[in-house]
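Q: Sharing a structure, written as structure tokens. Questions coming.
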Amino acid sequence: MDQPVFVVGPTRSGTDMMRELLTRHQSVSIAAETHYFDDIRTTIDSPSTTRVAAPDARRLEQYFLALTHRSFGHGGEAEKGWMSGADLRKRASELGGTADAYFEAYVELVAKDDSVTVLGEMTPRHVFRIDEIIQRYPDARIVGMMRDPRAVTASYRDWQCINGVDLELDPDYAVLLEDEMLRARRSYHPLITATLWRGQAGSMLQAREQHGRAQVKIVSYEALVADPDWGVRDLCDWLGLPFNRDMAEVANKESISLRSRRSRGVLRDGAERWRTRLDDTEIALVQSVARSRMIEAGYRPERVERNAIGYSKSLASLPFATARGVRANRDRLGDPIDYFTKRLKSLR
């Protein structure tokens, strides 16, 4: 792939909005979440240089085809997806038959249009894989979404899994969506969310310092929603694309607002909603963990009156909440040692 674009960032930071915004440009196609670099790629030796043997080729094929049936982690079945296995195998073979070739073939086929000149992929947690991505694709461009951790925490806590699925065509999906919302609830704790944000923000800031602003662009969610036209123009300039004002007419997906799901255009009220969604104790918990990184990222901690009992209870519940979250996400961790090592390093 020539100068692929990867969209990364904390969960609930606007990565999905950024993917749709970019894809609305006539020259761009950004595939939805694959988790490739943080999941199946970590299980394959020499993913960029060695043609995969038949068992791994089959595993890769099933992995990517399933994503064309349902999104990652939602029980997709390769046989029910829209992508042709023969087409995927053929293109992957033409690209060298490596594991990375399967990823590239998938991204190309998702585009469905030969006129597309900019290909890419969006997986929020690839924020911890920026170095590997750039090592593999030296000309890659990374778009990192940055959002106030208090807003991220409020959005994650109130999140509902509503993603435009046609449940009449796939009625079994309703059960999976309920399971996904249960997983999210079991994963939530303000200190866990703040700790993850601290690591994710740190990973983006470190990558920008190491690789430069020409390769790693950090986009402020707040600045983008405040002035979408300016944000789109700035992004197009950075990517070397002609400006397209229609890019900002994304379908709104703010899960807590029915109105927003039925409208188009970047919503401006999401930036400050955390002020009415979080209580002072929750704000204090987030700021206690993320304060230094918040300041580094341009966010100002605020003085709040925390409830001493509530604050102590949240601290005491953290070990239990962490164990509960790990259990809820055990199928998404890939190599657990590698998974946690990457995240702990980013907290420094």
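Q: So the check is Cβ under 8 Å with 6+ separation or different chains; which pairs have a first residue in region 78-107 that's farther than 19 Å from SER29 by Cβ and a second one that's among the hydroxyl-bearing types (Ser, Thr, Tyr) and not in a helix (DSSP H, G or I)?
A: THR98/SER46; THR98/SER48; THR98/THR49; THR98/THR50; ALA99/SER48
Q: If you don't mind, another one. With the requirement that a residue be open to solvent by less than 50 Å² (accessible area, probe 1.4 Å) and more than 27 Å from GLN3 (Cβ to Cβ), what does region 85-98 give you?
A: If the condition is that a residue be open to solvent by less than 50 Å² (accessible area, probe 1.4 Å) and more than 27 Å from GLN3 (Cβ to Cβ), then GLY85 is the only one that fits.
Q: Considering each of LEU347, LEU318 in turn, give the residue that is under 17 Å from PRO190 (Cα atoms), touching a helix residue (DSSP H, G or I) at 6+ places or on another chain (Cβ under 7 Å) and at pLDDT below 65.
A: LEU347
Q: Could I ask something else about it? What do you reckon, is SER84 at pLDDT below 95, small (Gly, Ala, Ser), over 30 Å from GLY270 (Cα atoms) and more than 15 Å from the chain's Cα centre (by Cα)?
A: Working: at pLDDT below 95: no; small (Gly, Ala, Ser): yes; over 30 Å from GLY270 (Cα atoms): yes; more than 15 Å from the chain's Cα centre (by Cα): yes.
Against the criterion (at pLDDT below 95, small (Gly, Ala, Ser), over 30 Å from GLY270 (Cα atoms) and more than 15 Å from the chain's Cα centre (by Cα)), SER84 does not qualify.
Q: Now a separate question. Does any residue in region 32-57 that is among the β-branched types (Val, Ile, Thr) come within less than 8 Å, Cβ to Cβ, of a residue that is in a loop (DSSP other than H, G, I, E, B) and buried (at least 19 other Cβ atoms within 10 Å of the Cβ) six or more places away or on a different chain, and which pairs are these?
A: Once the first residue is among the β-branched types (Val, Ile, Thr) and sits in region 32-57, its partners that are in a loop (DSSP other than H, G, I, E, B) and buried (at least 19 other Cβ atoms within 10 Å of the Cβ) give THR34/THR123; ILE44/VAL52; THR49/THR98; THR50/THR98; VAL52/THR98.
Q: Same structure, new question: Need the failing condition index for VAL127 against (1) part of a helix (DSSP H, G or I); (2) modelled with pLDDT under 95; (3) of a type in the set (A, V, I, L, M, F, W, C), just the number.
A: Here VAL127 meets the rest and fails (2).
Q: Sticking with this one: Can you find a residue that is assigned to a loop (DSSP other than H, G, I, E, B) and open to solvent by less than 50 Å² (accessible area, probe 1.4 Å) anywhere in region 99-111?
A: Step one: filter region 99-111 for residues assigned to a loop (DSSP other than H, G, I, E, B), giving none.
No, the conditions are met nowhere in region 99-111.
Q: Separate question: Hey, can you tell me all the residues within region 202-219 that are crowded, with 16+ Cβ neighbours inside 10 Å and over 9 Å from GLY144 (Cβ atoms)?
A: As a first pass, look at region 202-219 and keep what is crowded, with 16+ Cβ neighbours inside 10 Å: 202-208, 211, 215-219.
Result: GLY202, GLN206, HIS211, GLN215.
Q: Something else: Looking at (1) open to solvent by less than 20 Å² (accessible area, probe 1.4 Å); (2) in contact with a helix residue (DSSP H, G or I) (Cβ under 8 Å, 6 or more places away or on another chain); (3) at pLDDT below 85, which one does TYR173 not meet, given that it meets all the others?
A: So the condition that TYR173 fails would be (2).
Q: Take the residues in region 112-125 that are of a type in the set (Val, Ile, Thr) and surrounded by 20 or more Cβ atoms within 10 Å (Cβ to Cβ); name whichever of them is farthest from VAL5 (Cα to Cα).
A: For region 112-125, the residue satisfying everything is THR123.
Q: How about region 51-61: which of its residues are open to solvent by less than 50 Å² (accessible area, probe 1.4 Å) and part of a helix (DSSP H, G or I)?
A: ASP56, ALA57, LEU60, GLU61
Q: If a residue must be assigned to a loop (DSSP other than H, G, I, E, B) and either open to solvent by less than 60 Å² (accessible area, probe 1.4 Å) or of a type in the set (A, V, I, L, M, F, W, C) (or both), how many such residues does region 1-11 contain? Break it down into steps so the answer makes sense when it comes.
A: Going residue by residue through region 1-11, those that are assigned to a loop (DSSP other than H, G, I, E, B) are 1-4, 9-11.
Subset that is either open to solvent by less than 60 Å² (accessible area, probe 1.4 Å) or of a type in the set (A, V, I, L, M, F, W, C) (or both): 1, 4, 9-10.
Within region 1-11, residues that are assigned to a loop (DSSP other than H, G, I, E, B) and either open to solvent by less than 60 Å² (accessible area, probe 1.4 Å) or of a type in the set (A, V, I, L, M, F, W, C) (or both) number 4.
The rows are residues; the columns are (1) more than 28 Å from MET204 (Cβ to Cβ); (2) of a type in the set (D, E, K, R); (3) over 22 Å from the mean Cα position of the chain (by Cα).
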residue	(1), (2), (3)
MET18	no, no, no
SER29	no, no, no
ASP38	no, yes, no
VAL52	yes, no, yes
ARG59	yes, yes, yes
GLN62	yes, no, no
LEU65	yes, no, no
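Q: Hey, among the residues in region 206-230 that are touching a strand residue (DSSP E or B) at 6+ places or on another chain (Cβ under 7 Å) and assigned to a helix (DSSP H, G or I), which one's farthest from ASP2 (Cα to Cα)?
A: Taking the candidates together, the pick is TYR221.
Q: Can you find, within region 286-305, the residue that is nearest to SER220 (Cα to Cα) among those that are open to solvent by 30 Å² or more (accessible area, probe 1.4 Å) and among the β-branched types (Val, Ile, Thr)?
A: Looking at residues that are open to solvent by 30 Å² or more (accessible area, probe 1.4 Å) and among the β-branched types (Val, Ile, Thr), I get ILE295.
Q: Output the number of residues of region 126-138 satisfying the condition of being farther than 26 Å from ASP87 by Cβ and open to solvent by 20 Å² or more (accessible area, probe 1.4 Å).
A: So the answer is 4.
Q: Right, another one. Can you tell me how many residues within region 12-38 are in a helix (DSSP H, G or I) and over 28 Å from ALA194 (Cα atoms)?
A: 1
The values are calculated or read from the model by the stated rules, or taken from the named source; none is laboratory data. This structure is a prediction, so every number in the text was calculated from the model and none was measured. With ideal geometry, Cβ positions are generated from the backbone for all residues, glycine too; neighbour counts draw on all protein chains shown. In case anyone asks, the SASA skips ligands and DNA or RNA and just uses the protein heavy atoms, side chains included. Shrake-Rupley method; radii C 1.70, N 1.55, O 1.52, S 1.80 Å.
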